[in-house]
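Engineer: First, the structure itself, so that you have it in front of you.
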Amino acid sequence: MHRVVAVVRPVQSMLELGFAGEVFGLARPGVPQRYEFAICTESPGEVATSSGYSITVRQDLSALADADTVIVPGWTPVEEPVSAAVREAIVAAHDRGARLATICSGAFALARTGLLDGRRATTHRSRVEQFQREFPQVQVLRDVLYVDDGDIATSAGAGAGMDLCLHLVRRDHGAAHAALIARNMVLPPHREGGQAQHAPAPPDPLDGLLDWAAARLAEPLGVDALAAQVGVSPRTLARRFAERLGTSPGAWLLARRVAEARTLLEETDLTVEVIARRVGLSSAVNLRRRFRAHVGTTPGGYRRTIRGG
């Protein structure tokens, strides 16, 4: 069982903590329980929250000693220093191989440990300038939902923390398991980390297009076909994709095809050649090349890892 431990402090944001608890700690009928979730704090007892009430935290920082993933679900105020005890516990967990993740302002706390130096990270868009001034040695990605830098992951605002948590589940146990949790929570199954934090409010020709395209991945769809479906030029479509999703139509379509291939590798015994045709990548050679570029392994290696796990 993968052990996830969140480090909390007063005044703790319950939204950020709640997202982590929902994804990693809540037992759901029909969903295999693959995580154990706990919270800890430097001084166990009553911890004030941003919601106007207190929570009781019984475990101290020693809980991080056997954590597989350590989450810092927000850090307010962001100017608050990190105590020597918290710093040492987080660094020790990372040194022995634990994965670290932050939600929203939690990136400030992690940066103060020095573990983000020379790494890519993000935080809430309203705090990016402050973060960059205070931690110039960190490569800040300004307008993304989350950054997965391998053993350390950071997310933007609170809602992006949910996307990051589901991304970590997808990394650990595959797209199908993450989608099962998302459906149970009545959430979209997948938002790429590179999507922009802010989406424009006016009506958009992308409305309905994404579902239409996702249902036709086996077809030879291209940017021209997507543009024709909503009656705009390819240039206009590219601009709308950039504004709303922070990516290009072609990159989005390829990401959806790779995501569908992951699901088929997890849930079926179809050959790589058949899966390639079903997701519109034409051949096993093309699927292997695209899959390795996106996932970091081959389709066969991915299937063995997921099923072996």
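The values are calculated or read from the model by the stated rules, or taken from the named source; none is laboratory data. Since this is a predicted model, take the numbers as computed values, not measurements. Glycine gets a Cβ as well: all are built from the backbone with ideal geometry, and neighbour counts include every protein chain shown.
Engineer: On the given criteria, is Ser155 at pLDDT 90 or above and not assigned by TED's automatic domain parsing to the domain that holds Ala255? So that I can check it myself, show each step before the final result.
Structural biologist: Details: at pLDDT 90 or above: yes; not assigned by TED's automatic domain parsing to the domain that holds Ala255: yes.
Yes; evaluated as a whole, the condition is true for this residue.
Engineer: Turning to a different aspect of this structure: Which fully enclosed helices (runs of 4 or more DSSP H) of the range 231-278 have 3 or more residues being in contact (Cβ under 8 Å) with a residue 60 or more places away in the chain?
Structural biologist: Values: elements: 234-245, 249-267, 272-278.
Filter on the range 231-278 gives 249-267.
Engineer: Of everything in the range 161-176, what is surrounded by 21 or more Cβ atoms within 10 Å (Cβ to Cβ) and either touching a Pro at 6+ places or on another chain (Cβ under 7 Å) or not aliphatic (A, V, I, L, M) (or both)? Give them in sequence order. If you could, list the steps in order and put the result at the bottom.
Structural biologist: Narrowing the range 161-176 to residues surrounded by 21 or more Cβ atoms within 10 Å (Cβ to Cβ): 161-169, 174-175.
Correct list: Gly161, Asp163, Cys165, His167, Gly174.
Engineer: Also, quick follow-up: Name every residue in the range 261-309 that is within 21 Å of the chain's Cα centre (by Cα) and within 18 Å of Ala251 (Cα to Cα), in order of residue number.
Structural biologist: Matches in the range 261-309: Ala261, Arg262, Arg290, Phe291, Arg292, Ala293, His294, Val295, Gly296.
Engineer: Any residue at all in the range 11-31 that's over 30 Å from Gly174 (Cα atoms), in the same structural domain as Ile152 (by TED's automatic domain parsing) and exposed (fewer than 14 other Cβ atoms within 10 Å of the Cβ)? Let's see the steps before the verdict.
Structural biologist: The initial filter retains those residues of the range 11-31 that are over 30 Å from Gly174 (Cα atoms), namely 11-12.
When the remaining residues are screened for being in the same structural domain as Ile152 (by TED's automatic domain parsing), the result is 11-12.
Now restrict to residues that are exposed (fewer than 14 other Cβ atoms within 10 Å of the Cβ): none.
Looking for residues that are over 30 Å from Gly174 (Cα atoms), in the same structural domain as Ile152 (by TED's automatic domain parsing) and exposed (fewer than 14 other Cβ atoms within 10 Å of the Cβ), one finds none in the range 11-31, hence no.
Engineer: Among (1) free of Cβ contacts under 8 Å to residues at least 24 places away in the same chain; (2) surrounded by fewer than 17 Cβ atoms within 10 Å (Cβ to Cβ), where does His294 come up short?
Structural biologist: (1)
Listed here are the residues, each with its yes/no results for (1) farther than 22 Å from His94 by Cβ; (2) β-branched (Val, Ile, Thr).
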position: Val5; (1), (2): no, yes
position: Met14; (1), (2): yes, no
position: Ala20; (1), (2): no, no
position: Pro32; (1), (2): yes, no
position: Ile39; (1), (2): no, yes
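Engineer: Mind checking which residues of the range 125-156 are crowded, with 23+ Cβ neighbours inside 10 Å and of a type outside the set (A, V, I, L, M, F, W, C)?
Structural biologist: Tyr146, Thr154, Ser155
Engineer: Also, quick follow-up: Quick check on my filter: what residues within the range 13-29 are touching a residue at least 12 places away in the same chain (Cβ under 8 Å) and of a type in the set (Gly, Ala, Ser)? So that I can check it myself, show each step before the final result.
Structural biologist: So the first thing to find is which residues in the range 13-29 are touching a residue at least 12 places away in the same chain (Cβ under 8 Å), and the list is 13-17, 19-25, 28.
Hits for the range 13-29 are Ser13, Ala20, Gly21, Gly25.
Engineer: In this structure, does Ala84 turn out to be crowded, with 21+ Cβ neighbours inside 10 Å and under 30 Å from Tyr35 (Cα atoms)?
Structural biologist: Values: crowded, with 21+ Cβ neighbours inside 10 Å: no; under 30 Å from Tyr35 (Cα atoms): yes.
The answer is no for Ala84.
Engineer: Kindly indicate whether any position in the range 40-49 is touching a strand residue (DSSP E or B) at 6+ places or on another chain (Cβ under 6 Å), surrounded by fewer than 17 Cβ atoms within 10 Å (Cβ to Cβ) and part of a loop (DSSP other than H, G, I, E, B).
Structural biologist: Yes: the range 40-49 contains one or more residues that are touching a strand residue (DSSP E or B) at 6+ places or on another chain (Cβ under 6 Å), surrounded by fewer than 17 Cβ atoms within 10 Å (Cβ to Cβ) and part of a loop (DSSP other than H, G, I, E, B).
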